[in-house]
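Values quoted throughout were computed directly from the atomic coordinates according to the rules given, and no laboratory measurement underlies them. Everything numeric here is computed off the predicted structure, so don't read it as measured data. Cβ atoms come from the backbone with ideal geometry, glycine included; neighbour counts cover every protein chain shown.
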Amino acid sequence: MSINRRKFIRGMAAASALLPFTGMASAAVSARAEKRYSLSLFSKPLDSFGIGFMAETVAMAGIGGLDLTVRPGGLVEPASVAEGLPKIIEAGHRAGLKTEMMATSILSAEEPYAGKILSTAASLGVKHYRLGWYRYDLQKGIRASLAEVREKLEGLAALNERTGIQGGYQNHAGTMVGAPVWDIGELVGDLPVERISCQFDVRHAVAEGTNSWILGLHLLSRNIGSLAIKDSAWQLKDGKARLVSVPLGEGIVDFDRYFAALKELHIVAPFTLHVEYPLLSKEEETLSLLQKQKIIVRKLKKDADFIRSKLEQYQMESQ
């Protein structure tokens, strides 16, 4: 990367930090809005490109932070977190990006690398991590399964307290714990939100509760630590309906209702943008790295601008 290009990216990132995320002119309000509604990119779709390309691309798209994969097969392997995570975060910093979020596979405080991952991340300024996903044991039954999960979450809450970090359990479409959303309320409802929270995923909530998802948002409103944002559409193929990921605003998620509810319920949490639709077509995969980057930047910026437009539309900064 040339020096001029590096200066351009740094300058653009710095300028973005000074611009109000919600479009307001006041610098003081801008700082509060950025802190309250920061936007990070979940790194998974760019992991294979490497951190240099990723950081540069995310900065060019005007997104201010990274939500890193710190799990088996991710950007940072659990066994090498002490050496790998600082390097990845520093590479992001060089592009003007914050790293305050990460996604892990942690399900228990007793796991071999759980303590090391969380203490290392917290020392580097990471404030929030996503847990792995629990599964119901139908042989034991739903309630017995929830009781076991609750015990693990209590252990993680204690570990999070010691390390100074917040955990978040994501509601996911399918049959895993959290898909009905109501079970998360039962699991984390009375745990300290600064230690164990819900990463509310509106796409999955809508997929599993086309109309009732809003009730889950109300239920979990005081337990939400982060907001995973993405969209999808139903597609009928061979007589079977399936969900297909699409850019924000092009699917079935009612984002007007969603942002209005965030404001009404005073839900203030960082956004993590999950891009699950293809960033490159098969034909585009053959292009040069620079050409690929231009295409990816354009798509990421479109999603980021969509979020900004909704925050401005609903004057979220006035909460």
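Observations on the model:
- Applied to the range 234-249, the Karplus parametrisation 6.51 cos²θ - 1.76 cosθ + 1.60 on θ = phi - 60° returns per-residue 3J(HN,Hα) values of 7, 10, 9, 9, 6, x, 10, 8, 9, 8, 10, 6, 9, x, 4, x Hz, with x for Gly and Pro.
- Mean shadow area of the range 168-284, taken as a quarter of the surface of its Cα convex hull (nm²): 8.4 nm²
- Amide H contacts of L75 (H built 1.01 Å from N, under 5 Å, at least 5 apart or other chain): T69
- q = 0.09, 0.12 Å⁻¹, the chain: log10 I(q)/I(0) [Debye, one scatterer per Cα]: -0.46, -0.84
- Average Cα contact separation per residue, the range 178-319, under 8 Å, 6 or more apart, as relative contact order %: 20 percent
- In order along the range 66-80, phi translates into HN-Hα couplings of 10, 10, 7, 8, 10, 6, x, x, x, 4, 10, 7, x, 5, 10 Hz, rounded to whole numbers, per the Karplus curve 6.51 cos²θ - 1.76 cosθ + 1.60 with θ = phi - 60° and x for Gly and Pro.
- Within the chain, DSSP assigns beta bridges of which about 20% are antiparallel (rounded to the nearest 5).
- Site-free segments of the chain were taken between GluC sites (Glu not before Pro) in DSSP loops having at most 11 other Cβ atoms within 10 Å, sites themselves excluded; the longest one is 111-282.
- Counting neighbouring beta carbons within 10 Å and listing from fewest to most, the residues V193, V188 come out as V193, V188.
- Overall size of the range 192-250 from C-alpha positions, given as principal axis extents largest first: 46, 21, 17 Å.
- Based on every Cα atom in the range 39-197, Rg and the maximum pairwise Cα distance Dmax equal 16.1, 51 Å.
- Relative contact order of the range 35-318, pairs being alpha-carbon contacts under 8 Å that are 6 or more residues apart, as %: 17 percent
- Of the chymotrypsin sites (Phe, Trp or Tyr not before Pro) in the range 91-185, not one is in a loop by DSSP (not H, G, I, E or B) with at most 14 other beta carbons within 10 Å.
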